[in-house]
Number of protein chains: 2
Amino acid sequence: MKISVLNIGNELLKGSTANTNLASIGQELLKLGVPPIIQMTVNDDPNDMKEAIAYLEKRSDVIISTGGLGPTTDDITVEIFADYFGLKLYTDEKVIEHIHNIMGKDKILSVHNKKQAIVPVGSTILENRNGTAPGISFEANGKLIFLLPGPPSELIPLFKENVLTSIRSRLKEKVYFESLYTVGIAESELQRIVSENIKENQKLYIAYRAEPGGCELTFSSPMEILVSEAITKIRSVLGLSILDYGCKNIAEEIIKLLAERKMTLSLAESCTGGMIASKIVDVPGSSKVFKGSVTAYLNEIKMHLLKVKENTLLKYGAVSEECAKEMAEGCANLFNTDIALSATGIAGPDGGTSSKPVGTVFISVTFHNRTLTKKFLIKGDRSRIRIRSTAFALNLLRNVLLEIS
Amino acid sequence: MKISVLNIGNELLKGSTANTNLASIGQELLKLGVPPIIQMTVNDDPNDMKEAIAYLEKRSDVIISTGGLGPTTDDITVEIFADYFGLKLYTDEKVIEHIHNIMGKDKILSVHNKKQAIVPVGSTILENRNGTAPGISFEANGKLIFLLPGPPSELIPLFKENVLTSIRSRLKEKVYFESLYTVGIAESELQRIVSENIKENQKLYIAYRAEPGGCELTFSSPMEILVSEAITKIRSVLGLSILDYGCKNIAEEIIKLLAERKMTLSLAESCTGGMIASKIVDVPGSSKVFKGSVTAYLNEIKMHLLKVKENTLLKYGAVSEECAKEMAEGCANLFNTDIALSATGIAGPDGGTSSKPVGTVFISVTFHNRTLTKKFLIKGDRSRIRIRSTAFALNLLRNVLLEIS
């Protein structure tokens with residue numbers, strides 16, 4: 001089955017928004033073994049749209065279109081598709097009711113509101129829980145067409161609940177898939193390791209999705225055994241580089257490990273300045289194990305709150321193994337936690353020296369009167385150094401927690 | 001001038017990476033008044049690529065292609081474009097030298113490395129400071145073609161330094177542009193205000209780029225006077241909703257306002273958990289005015305570090321006007337700063353009640369023994385509530401600072 005994607009709307013071409021819809025659609029379709037083979041973006045222009053539809057129709061069995069379903073006059077997706085495929089339009093009363101449900105029962109609908117209820121005769125309405133524009137699907141010229149709204153909050157649920165099911169039911173073979181999440185391995189390195197151990201072929205698809213510090217790896221196949229074999233194999237090769245079952249990012253696993261060990265956590269941040277805390281607090285339920293954090297950005301605060309010795313700062317500087325160690329230890333005392341993590345470094349653009357260039361970062365974890373400190377040298381701009389420092393810090397914390405049984 | 005973009009690489013179609021290159025290219029071209037009119041994504045497949053080139057060539061004067069310039073055998077962009085336009089290839093010695101400069105003088109280049117130095121006869125080499133693949137431009141069939149590497153860190157500098165200059169020099173008219181940054185106004189509201197005051201037309205282009213809590217607004221025109229008139233007009237309408245000159249985000253302006261007023265800042269975060277601190281620390285030079293922050297996630301820490309009264313927590317709860325106020329005041333004392341900002345709220349998914357639903361957030365700013373507290377009700381999931389809380393908190397802080405002369 002050949003699938004193509006048509007994204008409609010000048011906000012994509014003008015760069016006011018990045019096309020995350022294609023990535024979301026691609027990730028889900030890849031798990032079924034049918035990633036899109038081609039994608040186009042066009043303006044809300046009748047001629048441009050029709051030419052794109054013709055191009056995609058010739059080359060694919062399914063066209064998934066996004067955008068141009070809004071209430072205003074420049075939203076012309078439905079009209080253009082109907083015109084192209086020679087379909088009549090009608091006003092669907094159930095959609096009118098849905099618009100009332102979303103906008104309020106008493107609201108008197110304008111001609112613009114009602115426009116969203118005009119759909120092709122014979123099409124299937126896909127209910128949009130998060131907006132007034134319905135999703136629409138129909139078959140024409142032997143092709144399966146989906147018209148979906150552009151905002152990701154509306155598109156993604158509609159796509160997952162309706163489009164995927166519909167495509168899956170039409171695949172000759174059922175497709176099985178399973179994902180796992182790795183940490184501490186660069187995507188290119190992960191690809192190398194996976195390709196050395198598992199051969200991608202027409203019966204087994206491999207997908208990667210990288211995030212700072214981690215990667216989602218998905219195997220999919222019409223043969224369930226191939227997926228489970230690949231998962232088993234790669235688990236044996238990667239071992240602890242794979243997150244625990246049910247955890248989709250390292251912060252989630254850290255919260256889980258802390259809860260299992262009945263331990264509490266606190267953080268002392270300098271260059272990362274709240275970024276590590278933010279990752280931890282992002283996890284629902286983190287309040288059960290995370291007590292709090294200090295961003296000790298000035299030396300004065302490092303001394304006053306975290307009890308870093310003045311002599312340490314004078315002798316070694318704030319960016320040093322000694323300071324990182326005292327920050328972590330002072331933090332565990334301040335918050336009275338079982339374990340504490342600290343990060344101090346030079347994020348730039350200024351402040352680097354020949355012995356301590358921009359990107360020098362020290363990370364410490366203290367637990368049970370033992371403190372482990374590591375030095376990192378990170379290339380890139382201020383933002384990248386902070387993001388990578390946060391990833392390295394969480395990774396070090398995870399490794400320490402895994403060693404505590 | 002009609003410009004199209006061709007993105008090559010299955011990682012975009014498989015969804016392992018979102019197409020941020022199109023957004024970056026679109027934003028820059030829009031400022032020149034020539035946003036892309038069409039964009040396509042294809043796999044590294046000779047037939048798919050040639051069909052896409054033919055489609056775009058027919059409809060545009062300039063094709064900007066990204067991706068497929070790597071050293072491996074599936075990177076075939078140069079060969080396919082050369083073949084399509086009937087251009088011969090040769091190995092460019094200057095590119096070989098460049099590859100040596102990037103990889104190390106002593107490195108013996110493999111056949112894969114050397115492949116990146118094979119370029120079309122008569123093409124212009126665009127030096128890639130951040131990678132081995134050179135950018136390439138040439139003219140053929142009356143069209144201007146750019147072949148650029150896919151990684152954003154390589155593409156964006158090449159695009160800004162070479163492609164934009166080249167396109168600008170070919171525009172019949174010089175295009176002037178100026179941007180300003182707004183805060184505290186939703187993008188749709190901003191669009192409404194702008195459209196009521198300024199008419200977009202063929203001589204004046206208006207571009208928007210939204211971020212959480214703010215928006216970049218750009219006017220561009222071949223007539224400089226139209227840009228300056230639009231800027232003046234919109235400044236008079238929006239007033240303080242526009243950031244100070246030279247500031248590209250609200251945190252930058254806050255640091256500037258604090259420095260001008262010779263004031264120091266500290267933060268006390270609960271639900272935002274480090275996110276506000278991280279925005280502040282993102283700004284280079286923030287250490288001059290930002291002393292530090294506490295994430296007081298547990299009540300115990302709110303009492304112990306920020307001296308929130310136990311009675312306040314028992315009587316009003318941690319998510320209350322009273323607690324937010326005491327957090328801010330305790331924070332100013334703890335860090336000994338002129339001004340302190342606090343945020344406490346229910347980010348969910350659990351913890352909401354009928355009187356305090358998920359999304360209830362209190363934000364306080366304290367300055368000179370005066371404390372201002374505001375209540376917000378934010379819809380959405382945990383992540384959105386935290387991001388919006390951070391934007392509201394920075395906005396409140398900015399407004400207080402603007403009132404302090």
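The values are calculated or read from the model by the stated rules, or taken from the named source; none is laboratory data. All figures in this text were calculated on a predicted structure; none of them were measured in a lab. Cβ placement follows ideal geometry from the backbone for every residue including glycine, while neighbour counts extend to all protein chains displayed. Protein only, heavy atoms only, side chains kept; ligands, DNA and RNA dropped before computing areas. Shrake-Rupley method; radii C 1.70, N 1.55, O 1.52, S 1.80 Å.
General observations
- Projected over every direction and averaged, the convex hull enclosing the alpha-carbon atoms of region B:254-403 yields 8.0 nm².
- A 1.4 Å probe run over the protein chains yields, for region A:76-226, 51 Å² of accessible area per residue, whole-number rounding.
- The protein assembly as shown - convex hull of the alpha-carbon atoms, volume per residue in Å³: 180 Å³
- Couplings 3J(HN,Hα) of region B:187-195, computed from phi: 4, 5, 5, 4, 4, 5, 4, 5, 5 Hz, in residue order, whole Hz [Karplus 6.51 cos²θ - 1.76 cosθ + 1.60, θ = phi - 60°; x for Gly and Pro].
- Per-peptide average of other Cβ atoms within 10 Å, ordering A:93-99, A:2-8, B:355-361 highest first: A:2-8, B:355-361, A:93-99
- Highest mean packing first, where packing is the average number of other Cβ atoms within 10 Å per residue, the peptides B:200-211, A:132-143 line up as A:132-143, B:200-211.
- Partner shielding of B:169-182 amounts to 0, given as the average count of beta-carbon atoms from other chains within 10 Å of each residue beta-carbon.
- Burial order of peptide ranges B:110-121, B:287-298, B:315-326 (average beta-carbon count within 10 Å, highest first): B:287-298, B:315-326, B:110-121
- Of all aspartates and glutamates in the structure, those lying under 19 Å Cα to Cα from A:K309, and not within fewer than 8 positions of it along the same chain, are A:E269, A:E300, A:E321, A:E322, A:E326, A:E329.
- Rg and Dmax of region A:176-241, Cα atoms only, in Å: 11.0, 32
- Coupling constants for region B:234-245 follow from the phi torsions by the Karplus curve (6.51 cos²θ - 1.76 cosθ + 1.60, θ = phi - 60°), and in residue order they are 6, 5, 6, 6, 8, x, 6, 6, 9, 5, 4, 3 Hz; glycine and proline get x.
- Cβ neighbours within 10 Å from other chains - mean over A:298-309: 3
- Nitroxide proxy distance, nm - points 7 Å out along Cα→Cβ at B:Y316 and B:K203: 5.7 nm
- Aspartates and glutamates whose Cα lies under 14 Å from that of A:K107, excluding same-chain neighbours fewer than 8 positions away: A:E97
- Each distinct pair of alpha carbons in region A:39-96 adds a 1/r term; the inverse of their mean, the Kirkwood radius, is 12.5 Å.
- In units of the compact-protein estimate 2.2 N^0.38 Å, region A:3-170 shows a Cα radius of gyration of 0.98.
- Karplus-derived HN-Hα couplings along region A:116-127 (A = 6.51, B = -1.76, C = 1.60, θ = phi - 60°), whole Hz, x at Gly and Pro: 5, 9, 8, 9, x, 4, x, 8, 9, 8, 9, 5
- Over region B:324-385: Rg over Rh, Cα atoms, Kirkwood Rh: 1.07
- Scaled radius of gyration (Cα, divided by 2.2 N^0.38 Å) that chain A gives: 1.23
- Sorted from greatest to least, the principal axis extents spanned by the alpha carbons of region B:213-275 come out as 48, 27, 19 Å.
- Other residues within the sphere of radius under 10 Å centred on the Cβ of A:L258, judged by their own Cβ, net out at +1 (K and R +1, D and E -1).
- Remark on B:G9: its backbone amide H falls under 5 Å from those of B:V42, B:N43, B:D44, a criterion applied only to residues 5 or more positions apart or on other chains, H modelled at 1.01 Å from N.
- Residue of chain A whose Cβ sits closest to the axis mapping A onto B, with distance in whole Å: A:G274, 2
- Surrounding net charge for A:E139, when Lys and Arg each add one and Asp and Glu each subtract one, Cβ distance under 13 Å: 0
- Area buried, chain B against chain A - accessible surface, total, 1.4 angstrom probe, square angstrom: 4800 Å²
- Database remark: amide H of A:V308 closer than 5 angstrom to the amide H of A:M303 (H placed geometrically; neighbours at sequence offset of 5 or more, or on other chains; Pro and chain starts carry no H).
- The lysines within cross-link reach of B:K88, meaning a Cα-to-Cα straight distance under 26 Å and a gap of 8 or more places when in the same chain, are B:K50, B:K58, B:K114, B:K115, B:K143.
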